[in-house]
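A.B. asks: One structure is given below, represented as structure tokens, and several questions about it will come after.
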Amino acid sequence: MAKDMSEQEQAIRQFLRDYLDKVKDEQTLNSILQSLGEYYEGDRAYIFEMHRERRVFNNTFEWCREGVTSEIGNLQNIPADGMEC
């Protein structure tokens with residue numbers, strides 16, 4: 001379901017209130033991904049980090065909706081040239 005701009009703005013403001021002052025530990029990052037995934041009705045939400053020297057991306061955090069298979073183990077050492085930004 002598409003979200004209108006005012007609904008998105010409200011969600012972003014709430015998101016910032018909820019997470020801006022929290023310690024950025026694994027639990028908080030997983031909670032952020034879950035909130036984003038559920039808001040946008042997605043099956044998964046990811047965080048990728050780039051290893052600049054090796055020019056690869058690694059999936060470092062992943063949230064999956066219940067019943068959705070995790071792909072974090074398969075999304076490692078992805079060449080930067082193969083990623084669309």
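A.B. asks: For Glu62, state whether it is touching a residue at least 12 places away in the same chain (Cβ under 8 Å), charged (D, E, K, R) and touching a Leu at 6+ places or on another chain (Cβ under 8 Å).
C.D. replies: yes
A.B. asks: Kindly indicate whether Glu49 is open to solvent by 60 Å² or more (accessible area, probe 1.4 Å), in a strand (DSSP E or B) and free of Cβ contacts under 8 Å to residues at least 40 places away in the same chain. Step through it out loud before you land on a result.
C.D. replies: Details: open to solvent by 60 Å² or more (accessible area, probe 1.4 Å): yes; in a strand (DSSP E or B): yes; free of Cβ contacts under 8 Å to residues at least 40 places away in the same chain: yes.
Taking the combined requirement at face value, the residue satisfies it.
A.B. asks: If Val23 meets every condition in (1) open to solvent by 70 Å² or more (accessible area, probe 1.4 Å); (2) in a helix (DSSP H, G or I); (3) of a type in the set (A, V, I, L, M, F, W, C) apart from one, which number is that one?
C.D. replies: (2)
A.B. asks: Next up: Taking into account only those residues within segment 28-59 that are touching a helix residue (DSSP H, G or I) at 6+ places or on another chain (Cβ under 8 Å) and of a type in the set (S, T, N, Q), which is nearest to Gln8 (Cα to Cα)?
C.D. replies: The residue in question is Ser35.
A.B. asks: Which ones in segment 63-74 are under 14 Å from the mean Cα position of the chain (by Cα) and either assigned to a helix (DSSP H, G or I) or modelled with pLDDT under 95 (or both)?
C.D. replies: Of everything in segment 63-74, just one residue is under 14 Å from the mean Cα position of the chain (by Cα) and either assigned to a helix (DSSP H, G or I) or modelled with pLDDT under 95 (or both), namely Ile72.
A.B. asks: Scan segment 26-44 residue by residue and report those that are open to solvent by 80 Å² or more (accessible area, probe 1.4 Å) and either among the charged types (D, E, K, R) or in contact with a Lys or Arg (Cβ under 8 Å, 6 or more places away or on another chain) (or both).
C.D. replies: Scanning segment 26-44 gives Glu26, Glu38, Tyr40, Glu41, Asp43, Arg44.
A.B. asks: Here's another thing I want to ask about it. Conditions first: (1) surrounded by 14 or more Cβ atoms within 10 Å (Cβ to Cβ); (2) at pLDDT below 80. Gly82 passes all but one, so which condition is the exception?
C.D. replies: Gly82 satisfies all of (1) surrounded by 14 or more Cβ atoms within 10 Å (Cβ to Cβ); (2) at pLDDT below 80 except (1).
The values are calculated or read from the model by the stated rules, or taken from the named source; none is laboratory data. The structure presented is a predicted model; accordingly, all values stated were derived computationally and were not measured. For neighbour counting, all protein chains shown are included, and Cβ atoms are generated from backbone atoms with ideal geometry for every residue, glycine included. When the accessible area is computed, the model is the full protein with side chains, heavy atoms only, and any ligands, DNA or RNA have been set aside. Shrake-Rupley method; radii C 1.70, N 1.55, O 1.52, S 1.80 Å.
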